[in-house]
Structures are given as C-alpha cells and as structure tokens.
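Visitor: Dropping the structure in here first, questions after.
The values are calculated or read from the model by the stated rules, or taken from the named source; none is laboratory data. Fair warning: this is a prediction, and the values are worked out from it, not measured in the lab. As a convention, Cβ positions derive from the backbone with ideal geometry for all residues, glycine included, and neighbour counts pool all protein chains shown. Surface areas here come from the heavy atoms of the whole protein model, side chains and all, with no ligands, DNA or RNA. Shrake-Rupley method; radii C 1.70, N 1.55, O 1.52, S 1.80 Å.
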Amino acid sequence: MEDVSVFEQVSDMGHEQVVFCHDKASGLKAIIAVHNTVLGPALGGTRMWMYENEQQALNDALRLSRGMTFKNSIAGLNLGGGKAVIIGDARKHKTEALLRAYGKFVRNLNGKYITAEDVGMNSSDMEHIAAETKHVSGMPESRGGLGDPSPFTAYTTYMGMKAAAKKAYGSDSLAGKRISLQGAGHVGEFLIQHLVKEGCEIFVSDYYEDRVKEVVSQYGVKGVGLDEIYDLDVDIYSPAALGATVNNETLSRLKCDIIAGCANNQLADEKLHGDLCTEKGIIYAPDFLINSGGVINVYAEVIGAGTDWTKYKCEQVYDQTLRVFNQAEETGKNTQEVAIDIAKERIDSVAGIKATF
Ligand code: NAD
C-alpha cells in the first residue's frame with residue numbers, strides 16, 4: 001500500500017477525531033474513529049479482529065466510521081458516525097480486563113462516541129465495557145438493554161434483498177432463489193433463518209469450519225469453501241463477513257444478478273466497483289442502507305424507545321432501497337453514490353442549523 005500519513009487519510013475522509021488506545025497490562029491495542037457528529041454523538045460498534053498489520057486496522061476503523069455516518073443519516077437517526085477496532089483474536093485475546101481498559105478510553109470521550117457490538121463482540125462483552133462507561137449500547141436484556149442487534153440487522157438485510165429481487169425480477173419473492181452467503185456469524189445465521197423460511201437454496205462459507213458445520217446441520221444449507229463462494233452459479237451473493245469482497249477480482253468471477261448482504265464496506269472502491277456492478281447488470285443494494293437494523297435497535301436503546309419502534313423503522317428499509325434503485329436508474333449514478341447523496345443531503349441540511357455536537 002502507498003505510504004499515506006494518518007493526517008492525510010483523516011483529512012481526505014473528513015474525520016473529526018481518531019484515538020489510539022493502548023493498555024500494556026491487558027494487551028489492549030484499539031483505534032476509535034469519530035467521523036462526523038453533525039447529527040448527534042457518533043455511534044458505531046467495536047470490531048475485534050486479527051488484523052495483519054496496524055495500517056489495515058486503521059483503514060478499517062476509518063472506512064467503517066465513515067460508513068456509520070451515512071448509515072445513521074439515511075436511517076433517519078439523530079446520530080453521527082463512529083467505529084472502533086480492537087486488534088486481536090476475539091477467541092483468544094478477549095478478556096474482562098481488556099474490555100474494561102477499552103471502556104475507559106470510550107469514557108474519556110465523554111459521550112462523543114457511543115459503542116456497541118460488531119464482529120468479534122457480543123452483548124455480554126458490552127457489560128464489561130459498561131463497567132467503565134455509560135456510553136455503551138446493545139446491552140443484554142437482563143441489564144435493561146435491547147440485547148443483540150443482529151436479528152434486526154438480518155431483518156433489514158432481508159428487506160433490502162427482497163427490494164432488490166423486486167427490481168431484478170418484478171417480484172420480491174425469494175422462493176427458489178440460489179443464494180451464496182459469506183459468513184455464518186451472528187447476522188449471517190439470522191439471515192439464513194429468513195431465507196430458509198422463504199424456500200431459498202443457500203450456500204455458506206465461513207472462516208471458522210465449526211460455524212459452517214453448525215449451520216449446515218441446523219438449517220440444511222450447503223457448506224462451501226472460502227474461495228469457492230465467488231464462482232457459484234447463484235442469483236444472489238450476500239456478503240456477511242468482512243469488507244471489500246466486491247472488487248476487480250471477484251467481479252470477474254461472480255455470476256449473480258444481485259449483491260445484497262449485511263457486511264460493512266462491501267465495495268473495495270465505491271465509485272469503481274459500484275459502477276462496475278451497474279455495467280455488469282448486477283443490482284448492488286448499498287450495504288449501509290440495508291444493514292441499518294442493528295443500529296436502529298441500538299439507537300432505540302439509547303433513546304428509550306421499544307422494539308415496536310425498531311420494527312417500524314426497519315420496515316422502511318424496503319421502500320427506501322427501491323427508491324435508491326429507481327433514483328440510480330434515473331440519474332445514471334451507481335446505487336452506492338445515490339445512497340451517499342441522500343445521507344449527505346440530510347447532514348448538510350442539519351449542519352446549516354447547528355454546529356457539531
Ligand atoms: P460475526 O463476528 O458474528 O460474524 C462474522 C463471521 O464472518 C465470522 O463467523 C467470521 O469467521 C466470518 N468470516 C470472516 N472472514 C471471512 C471470510 N473471508 N469468509 C467467510 N467468512 C468469514 O459478525 P456479525 O455481527 O455477524 O457481522 C457480520 C458483518 O455484518 C460485519 O461486516 C459487520 O460489520 C456487519 N454488520 C453487523 C451488524 C450487527 O448487528 N451485528 C450490524 C451492521 C453490520
């Protein structure tokens with residue numbers, strides 16, 4: 001990768017603040033990125049992953065937090081965008097001490113950033129973080145929270161997928177559709193449940209073989225290899241793992257009509273690969289639009305709204321996704337660009353009446 005300074009990257013992407021967190025005793029190495037707080041405090045989950053190097057972790061924090069700005073805006077939430085990454089293997093290095101050390105760094109931001117769960121994290125981890133800061137959401141129901149946001153993320157992803165089917169096939173029924181799902185994690189599993197109910201044929205890959213085995217035996221889906229997933233003859237490719245899986249290489253292999261999944265930052269390059277999807281006749285459902293269910297639920301917890309409100313907001317994703325597809329067709333822009341325009345318009349209009357949070 002080209003040698004670009006942190007400040008250059010931050011300035012290019014428009015971040016307000018990036019915090020590097022280190023605690024020797026617990027082994028914590030984390031990065032909190034606050035992208036934009038025009039609409040409210042920055043909210044976004046914490047990801048724990050075994051990044052190959054620090055630059056990769058920084059890139060992820062910067063790209064994910066920017067995505068949260070657009071996601072929170074287009075979902076109509078009074079929240080800015082932020083995200084954090086912890087460098088490490090969640091199955092080996094996640095301890096109470098590490099999570100509490102991280103919680104102290106979140107506390108030091110005085111509410112400018114509110115955290116929740118993402119890849120490698122769950123509701124009970126939020127309890128440890130909450131021992132040090134009140135700026136945490138996605139808490140277990142037993143602690144008065146609204147619990148795991150993943151079922152709601154899976155639900156809006158499913159809604160977005162149905163909207164894409166409506167656009168591609170004239171009907172939003174997914175019955176009989178062949179779907180490749182990359183990642184059988186929290187969201188992936190809930191998504192499988194919706195798709196199995198609707199009679200889809202599902203092919204699943206996961207980095208962890210035990211996860212594939214579990215969903216194969218529980219739901220009767222078919223397990224496939226990590227790389228094989230890009231060559232399958234399917235109607236829909238659904239990324240539900242990490243980002244940037246829609247790129248030059250995979251787009252030359254994918255044979256689907258639709259890309260619709262819950263993973264954040266699916267397009268390696270928003271302009272290039274968004275346009276390439278359009279050129280290849282693939283309908284790309286913007287990730288931050290259709291995976292907003294989780295943050296909607298997390299926000300409901302922050303403002304004291306209930307699950308009924310979450311469901312009502314989640315259902316709007318279907319119409320909103322169709323609107324984006326139609327607007328893309330009318331303007332000749334790619335679907336990701338259109339969704340970003342809608343998100344930016346709201347931020348700009350609110351920025352006109354108030355300063356940052
Ligand atoms: P998770 O950690 O529960 O699951 C992710 C799974 O992906 C893991 O099982 C991991 O082994 C697998 N994986 C990683 N790399 C892979 C690869 N190359 N091929 C196949 N599998 C791979 O995480 P999650 O909460 O289910 O989140 C999944 C995606 O959805 C992430 O991109 C996340 O940012 C996004 N997302 C999640 C939520 C939520 O509510 N949890 C909300 C919005 C977006």
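Visitor: Going Cα to Cα from K213, which lysines come in below 17 Å? Please leave out same-chain ones fewer than 8 positions away.
Guide: Those lysines meeting the cut-off are K222.
Visitor: In addition: Mind checking which of T157, T115, T307 has the largest fluctuation in a GNM of the chain, springs on alpha carbons under 10 Å?
Guide: Sorting by GNM fluctuation, first place goes to T307.
Visitor: Another question about this same structure. Between their Cα atoms, which of K71/K333; K104/K344; K255/K344; K24/K134; K92/K255 are more than 29 Å away from each other? Intermediate results must be reported in sequence, preceding the final value.
Guide: Values: K71/K333 19 Å; K104/K344 32 Å; K255/K344 32 Å; K24/K134 23 Å; K92/K255 37 Å.
Pairs exceeding 29 Å: K104/K344; K255/K344; K92/K255.
Visitor: Once the Cα atoms of the stretch 39-82 are picked out, what are the Rg and Dmax in Å?
Guide: 11.6, 35
Visitor: Here's a follow-up. If you take the square roots of the eigenvalues of the alpha-carbon gyration tensor of the stretch 261-343 and sort them as a ≥ b ≥ c, do you get rounded (a/c under 1.5), prolate (a/b over b/c) or oblate?
Guide: prolate
Visitor: Please report the equivalent ellipsoid semi-axes of the stretch 50-126, computed as sqrt(5 x eigenvalue) of the Cα gyration tensor, largest first, in whole Å.
Guide: Largest first, the stretch 50-126 gives 22, 16, 12 Å.
Visitor: Quote the Stokes-Einstein diffusion coefficient, in whole µm² s⁻¹, for the stretch 24-159, based on the Kirkwood radius over alpha carbon pairs, a temperature of 4 °C and a viscosity of 1.567 mPa s.
Guide: 87 µm²/s
Visitor: Provide the net charge surrounding K71, with neighbours chosen by a C-beta distance below 11 Å and charges set as Lys +1, Arg +1, Asp -1, Glu -1.
Guide: +1
Visitor: What ranking do 3-11, 83-91, 316-324 get when scored by the average of other Cβ atoms within 10 Å per residue, highest first?
Guide: 83-91, 316-324, 3-11
Visitor: For the stretch 93-216, state the average projected area of the convex hull of the C-alpha atoms over all orientations, rounded to one decimal in nm². Let's see the in-between values first.
Guide: Numbers: hull surface 37.8 nm².
Taking the Cα atoms of the stretch 93-216, their convex hull projects to 9.4 nm² on average.
Visitor: What value, in deg cm²/dmol to 500, does the helix sum -39500 (n - 2.57) over DSSP H runs of n ≥ 4 give at 222 nm once divided by the residues of the chain?
Guide: Result for the chain: -14500 deg cm²/dmol, rounded to the nearest 500.
Visitor: Separate question: In terms of the Cα gyration tensor, with a ≥ b ≥ c the square roots of its eigenvalues, is the chain rounded because a/c is under 1.5, prolate because a/b exceeds b/c, or oblate?
Guide: rounded
Visitor: Summarise the accessible area of the chain (1.4 Å probe, protein heavy atoms) by the percent that is carbon and sulfur.
Guide: 49 percent
Visitor: Just report the Cα centroid separation between the stretch 157-228 and the stretch 35-50, whole Å.
Guide: One Cα centre to the other: 27 Å.
Visitor: While we're on this one: Could you give each residue of the stretch 122-137 its phi-based ³J(HN,Hα) in whole Hz, using Karplus coefficients 6.51, -1.76, 1.60 with θ = phi - 60°, and x for Gly or Pro?
Guide: 9, 4, 6, 5, 5, 5, 5, 5, 5, 5, 10, 8, 8, 8, 9, 10
Visitor: Given a 1.4 angstrom probe, what's the average accessible area per residue across the chain, in square angstrom?
Guide: On a per-residue basis, 42 Å².
Visitor: Right, next: On a 0 to 90 degree scale, rounded to 10, what angle separates helix 209-219 from the longest Cα axis of the chain?
Guide: With both axes taken from Cα atoms, the answer is about 60 degrees.
Visitor: Also, I was wondering about something else. For C200, which sequence-distant residues (separation of 5 or more, or a different chain) have an amide H within less than 5 Å of its own amide H, given hydrogens modelled in the peptide plane?
Guide: Amide H to amide H, under 5 Å and 5 or more residues apart or across chains, C200 pairs with G176.
Visitor: How far is helix 335-351 tilted, in degrees, relative to the longest principal axis of the Cα atoms in the chain, given as a value from 0 to 90 rounded to the nearest 10?
Guide: So the inclination is approximately 40 degrees.
Visitor: Provide the convex hull volume over Cα atoms per residue for the stretch 1-80, in Å³.
Guide: 105 Å³
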